[in-house]
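The structure under discussion appears below in the form of structure tokens.
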Amino acid sequence: MSKRSSIALGTILKNFARVSRHPWIASRLAALEKEKILFKPLNPRAHEGVARSIRQVSVRITDICNLRCHTCGQWGDQGFLHCADLKALKKSEVSPERYHLLLADLATHGHFPSVYLWGGEPTMYKGWLEIIEHATVLRMPTSIATNSTGIAKAAERLVKAPMFLLQMSIDGPDADTHNAARPSASGADNFQSILDALDAVNQAKKAAGKKLPLTASLTTISQANVGRLVDIYETFKDKVDLFVFYLSWWIDEDSAKAHDADFERRFGQKPKLHWGWVGDWTIKEYALLDAQLKEVMRRSKGWDSPAVNIIPNITGVDNLREYYTDHSQHYGYDQCISIYQAVEIDSGGDMSPCRDYHDYVVGNVKQNTITEIWNNEAYRKFRASLTTQGLMPACTRCCGLMGY
């Protein structure tokens, strides 16, 4: 049986009381996990590329970002946006009003997905907060992945909504380590911004007597912080509700070239976005990383300790060495099901089945609704190809496969 990415049991148990206060959120999350587990019997037409309910709407709401994180495929060392025109990127963005209409249309057609905003830096999109509030009114659980910009000022509104999950990128236990991994384009101290944001959100929750949003520390493991994971846990264990440690997504040149050929054979066009993830941030100290991961897991065992999620869930020196040196290994994650559950929308409105590599476009939400595009011919062709022909070379290090 194909392996599925799932929420760690400790995360569910330790945060159940917080989420259960909002049954509509709990029911949406349960439906998503149920369909992951029972994917085959619930999707008898998967080989034809036909999907059922939309479980998540993932929106890269803007490409604009104030950081230049080394491990980022967009603005990082090899990022595909380096030569982009910032004014043109902003001008092409989907309007907040259009997103409101798209969400209302989903509800009208019986879809109540979770709504996930990312970027770029999503808080640099004017209207991000109103979209979260509107989605919540429609009973769609909302989450955001942010570098903390603007969160402190928005804290009271996020608590009032309530937003379900606030995910904050934290790559170090101190300013020197974090800011080296995630340097600001303007020289600002992003680490201090994180501290201010968490303080504001936690104070707003306490003042309102609320438990949401859940706060999550997201750490992308790199050479800059591989020996500091325990320190990150200790620094933030009293500030966040859970931790996520990403082994990081990456591609080597051989796999990127193989993906070019396979993608072009299947779909008649040459992809390019995966080249942004070719880089030298991968880990070399496998024993150190294994020891750090096992120690944060040990420290998280107590009932009062925040849970830890490792994505993808791989430990052991040999497994970690293989993960960072052999791109062909997929550890049982041999079927992509996110393409049957989640839609991916980029800043200009192009909709794609693929989380990390948006080269295959199935429509644009400026012209059509999400529900109109969801099972169109192009979408079904992509799903059917991955289901019947198997994964493509880039897929084995993709959040949509191993981290969704």
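The values are calculated or read from the model by the stated rules, or taken from the named source; none is laboratory data. It should be emphasised that the depicted structure is a prediction, and the values quoted were computed from it without experimental measurement. In this analysis, Cβ positions are derived from the backbone assuming ideal geometry, glycine residues included, and neighbour counts consider all displayed protein chains. What goes into the accessible areas is simple: the full protein's heavy atoms, side chains included, and nothing from ligands, DNA or RNA. Shrake-Rupley method; radii C 1.70, N 1.55, O 1.52, S 1.80 Å.
What the table shows:
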{"read-out": "Partnerless cysteines, meaning none of the other Cys C-beta atoms lie under 4.7 Å away, in the chain", "value": "Cys65, Cys83, Cys336, Cys354, Cys395, Cys398, Cys399"}
{"read-out": "Label point distance in nm, Glu322-Phe267, each placed 7 Å from Cα along Cα→Cβ", "value": "2.9 nm"}
{"read-out": "Tail beyond 24 Å, pair distance distribution of the range 265-404 (Cα, percent)", "value": "43 percent"}
{"read-out": "Pairwise label distance in nanometres, Lys126 with Asp174, each label 7 Å out on the Cα-Cβ vector", "value": "4.1 nm"}
{"read-out": "For Ala261, net neighbour charge (Lys/Arg +1, Asp/Glu -1) across residues whose Cβ lies under 14 Å away", "value": "-1"}
{"read-out": "Kirkwood hydrodynamic radius of the range 9-402, from inverse mean 1/r over distinct Cα pairs, in Å", "value": "21.5 Å"}
{"read-out": "Among Tyr233, Pro162, Pro271 - extreme Cα towards positive end, dipole of the range 9-402, charges at beta-carbon", "value": "Pro162"}
{"read-out": "Accessible area of the range 9-402 belonging to carbon and sulfur atoms, whole % at 1.4 Å probe", "value": "52 percent"}
{"read-out": "Local net charge near Thr215, Cβ-Cβ under 14 Å (Lys/Arg +1, Asp/Glu -1)", "value": "+4"}
{"read-out": "At R0 = 22 Å, FRET efficiency that the Cβ-Cβ distance of Glu33 and Lys301 yields, to 0.05", "value": "0.45"}
{"read-out": "Under Karplus coefficients 6.51, -1.76 and 1.60, residue-wise ³J(HN,Hα) of the range 52-65 in Hz, glycine/proline x", "value": "9, 6, 7, 9, 8, 10, 9, 10, 7, 6, 8, 8, 6, 8"}
{"read-out": "Inter-part distance where the range 241-320 and the range 346-367 are each reduced to a Cα centre, Å", "value": "24 Å"}
{"read-out": "Residues with amide H under 5 Å from that of Ile251, placed H, sequence gap 5 or more", "value": "Val278, Gly279"}
{"read-out": "Value at 222 nm in deg cm²/dmol, rounded to 500, when DSSP H runs of n ≥ 4 in the chain each add -39,500 (n - 2.57)", "value": "-12000 deg cm²/dmol"}
{"read-out": "Summed residue charge, Cβ within 9 Å of Gly172's Cβ, Lys/Arg positive, Asp/Glu negative", "value": "-2"}
{"read-out": "Accessible surface, per residue, of the range 9-402 when the full set of protein chains is kept, probe 1.4 Å, Å²", "value": "41 Å²"}
{"read-out": "Pair Ala104, Gln192: separation of 7 Å Cα→Cβ label points (nm)", "value": "4.3 nm"}
{"read-out": "For peptides 259-266, 186-193, 37-44, 237-244, sequence by mean Cβ density within 10 Å, most packed first", "value": "237-244, 259-266, 186-193, 37-44"}
{"read-out": "Span-rule helices in the chain, defined as complete DSSP H runs reaching 24 Å or more along the axis (Cα) with Kyte mean at least -0.5", "value": "190-208"}
{"read-out": "Ranked by how many other beta carbons lie within 10 Å on average, peptides 104-111, 290-297 from highest", "value": "290-297, 104-111"}
{"read-out": "Over the chain, relative contact order from alpha-carbon pairs under 8 Å, at least 6 apart, %", "value": "22 percent"}
{"read-out": "Calculated diffusion of the range 225-264, Stokes-Einstein form, Kirkwood radius summed over Cα pairs, 25 °C and 0.890 mPa s, µm²/s", "value": "186 µm²/s"}
{"read-out": "Given charges at beta-carbon only (K, R positive; D, E negative), |dipole| of the range 9-402 in Debye", "value": "1420 debye"}
{"read-out": "Cα-centre dipole for the range 25-143 with unit charges at Cβ (Lys and Arg positive, Asp and Glu negative), debye to 20", "value": "300 debye"}
